[in-house]
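The values are calculated or read from the model by the stated rules, or taken from the named source; none is laboratory data. None of these values were measured; they are calculated from a predicted model. Cβ: placed from backbone, ideal geometry, glycine included. Neighbour counts: every protein chain shown. Note: accessible area is taken over every heavy atom of the protein model, side chains too, but ligands, DNA and RNA are not part of it. Shrake-Rupley method; radii C 1.70, N 1.55, O 1.52, S 1.80 Å.
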Amino acid sequence: MQSRIFTSSRRLSLLLGMLLVVGLAGGCSSDSDSDSDDKGSSSTDNKGISLTYDGETLKAGTSVSAVNSMFIGKDFTTTIISGWASTEGEAKFGTITTRIKLEGDADDTLTPGRYELEEDTSGMGNLSGPMKAALVIEKGTLGLPGSVEATSGSFTISSAEMDGSKLAQISIDFDGTFKNKSDDTDTAEYQVKGSIELPKK
């Protein structure tokens, strides 16, 4: 009789233990799901400028604005600036500036599509032909020099909209090789990729 009671209580303990483990596993699973949802929801907010270099990413998603946007025939230039702030450890904040020059395939039209990044060797904004882009990133931090200029790579515009002479909206992804624009003695190549998202107001 006692052995039956002992066996029954042992089985009951085993069953309760298994239920506890399953319950904990379920709880952990829902926690990790909610974590990934949080990350997903924050990563879907692509407003601003995002840079990735040497395994690190910096997101500047506040006060994004475009200035000095203009067409000269097939050439289009603009400067997009966005701010960032970090509350981890010592408070830090700053801005990232991207200076963009494009040569499209039609006059006075901002053409979505894939552009080839190239260095503006003349310093006058002369690009070698349609669907070419020059890109300068200033204050990108992440261990990058203060100003880097793309020498090759891809620059893809998925959507763009003008409001008269103003740039109303643009969505860009880029991946390229950059050089130090402010120091000719620095011969290093910097592999930088990222996105620029100016939302329509």
Apply the a/c threshold of 1.5 to the C-alpha gyration tensor of the stretch 49-201 and tell me whether it is rounded, prolate or oblate. oblate
Given the pairs LYS59/LYS181; LYS166/LYS193; LYS47/LYS200; LYS139/LYS201; LYS132/LYS200; LYS139/LYS166, which are separated by over 19 angstrom at their Cα positions? LYS59/LYS181; LYS166/LYS193; LYS139/LYS201; LYS132/LYS200; LYS139/LYS166
Whole-percent carbon and sulfur contribution to the accessible surface of the stretch 126-201 (1.4 Å, no ligands, DNA or RNA) stands at 46
Say R0 is 35 Å: what FRET efficiency, to the nearest 0.05, do GLN191 and LYS47 get from their beta-carbon distance? 0.90
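Determine the relative contact order of the stretch 78-123: mean sequence separation of Cα pairs under 8 Å and six or more apart, normalised by residue count, in whole percent. Don't skip to the end; give the middle numbers.
On the way: 35 pairs, mean separation 13.5, N = 46.
Worked out over the stretch 78-123, it gives 29 percent.
What net charge do the residues around ILE196 carry, taking every other residue with its C-beta under 12 Å from that of ILE196, with Lys and Arg at +1 and Asp and Glu at -1? Spell out each step's value before the answer.
Working: positive: LYS47, LYS59, ARG99, LYS193; negative: ASP173, GLU197.
Result for the local shell: +2.
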